[in-house]
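First comes the structure, then the notes that go with it.
The values are calculated or read from the model by the stated rules, or taken from the named source; none is laboratory data. A quick note: this is a predicted structure, and the numbers were derived from the prediction, not measured. Glycine gets a Cβ as well: all are built from the backbone with ideal geometry, and neighbour counts include every protein chain shown.
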Amino acid sequence: MKSLVLKFFFLSILINQSYGQSLVYSQYYASPLTSNPGLTGVFKGTTRLCANYRSQWNNINSNSALYNTPSLSVDVSIPEKNLAFGFVFVNDQTNDKIFNTLEAGASVGYKLRFNLFEISMGIQGWYKQIYFDPTKVESSILAVEPNLLDNYTNLDLNTGLIATYMFPNEKSSIFYGAAVSHLLAPRDQVVNNTLNRAKLAMRYMFHTGGSFSIKDEYRIMPGFFATYQSKSTQFNLGTSVGFHFLWDDYDRPSGTVFTGIWFRLNEFAMSAFIPQVGLEYNNFKIGFSYDYVTNSMSSGVTGRPNTLELSLSYIFNRNRSTDYSCLYSPYF
């Protein structure tokens, strides 16, 4: 019983810490609608489907991964009107679904085009509902604090923009983006009674990167992502290298493999390094990454909390006339 109690309170601490930063995938570049509403419709095609799965903090003393986070998004581009619409669904499952968070967002994007330069702006409404399952918690804890945890829902609003420049050779591009989340500052505290529910702090995000052609066969794709929320900072930075192994009848790349290494820093200290691999074939894209955590957990916890992520996407009616980016840069 003592071990169960300790595990539960350890889990509660982890949950409270997780609310210092909203969801950020390691492959944030493969989950555009959870990263920046300004990315709605920023791709070359008519419709984009994205699926992501994150299994977080494996290998510690728990019966399963502490966090499993699948998500699914779809966005539609209407280029003749410079408009785009998108929907995203996220299910954050904590320790065998003791807590189950359902989230949904709907976004609208608008583009301004200036020859090789493009600005996309987006706004996103967000709905969150958290369920707590008391049947999976040691009963003695609820006997002491029956109102410690509670179910709740809230509504929120996010906004962002992204500016993209395509080089005249149409084989390389760079982008700069920024976003602000939680504009409505909803009350978002899973711990009730002993701690008053606090307003969720706004999250500020900046990201930049590019896709650069090298001798046609190779591509280098650096990137940087920074987010700040409630006095907590996180940085992701790294580079991937792609190799075009297949070309279509118009001498455009239709098959690309890539590999790269990324790093995550929390509070300016190294937190994890993240190797990743992927494949793009015609309209289909797949990526896999593994977070190797460099810092250890608190005393009494065994194992190293590693994380796995899988991303899939498919673009309908993809236009490759000026599209030399591969999976790593789905923003273009």
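When the residues of the stretch 270-309 are filtered to those that are among the small types (G, A, S) and modelled with pLDDT under 85, which remaining residue is nearest to L237 (Cα to Cα)?
Only one residue tops the list, namely S296.
List, please: which pairs have Cβ atoms under 8 Å, are six or more places apart or on different chains, and start with a residue in the stretch 273-291 that is touching a residue at least 24 places away in the same chain (Cβ under 8 Å) and among the basic types (K, R) and end with one that is surrounded by fewer than 21 Cβ atoms within 10 Å (Cβ to Cβ) and in a strand (DSSP E or B)?
These pairs meet every condition: K285/L279; K285/L312; K285/Y314.
From the set of residues in the stretch 208-231 that are of a type in the set (D, E, K, R) and touching a strand residue (DSSP E or B) at 6+ places or on another chain (Cβ under 9 Å), which is nearest to G260 (Cα to Cα)?
That would be R219.
Looking for whichever is in contact with a Lys or Arg (Cβ under 8 Å, 6 or more places away or on another chain), under 23 Å from N236 (Cα atoms), outside any strand (DSSP E or B) and modelled with pLDDT under 95 here; the options are S22, S62. Which one fits?
S22
Quick check on A226: is it in contact (Cβ under 8 Å) with a residue 24 or more places away in the chain and out of contact with any helix residue (DSSP H, G or I) (no Cβ under 6 Å at 6 or more places or on another chain)?
Answer is no for this residue.
Among what's in the stretch 201-252 and is over 18 Å from S271 (Cβ atoms) and among the aromatic types (F, W, Y), pick the residue that is surrounded by the fewest Cβ atoms within 10 Å (Cβ to Cβ).
This residue is Y250.
Restricting attention to the stretch 77-98, which residues are basic (K, R) and modelled with pLDDT of 90 or more?
K81
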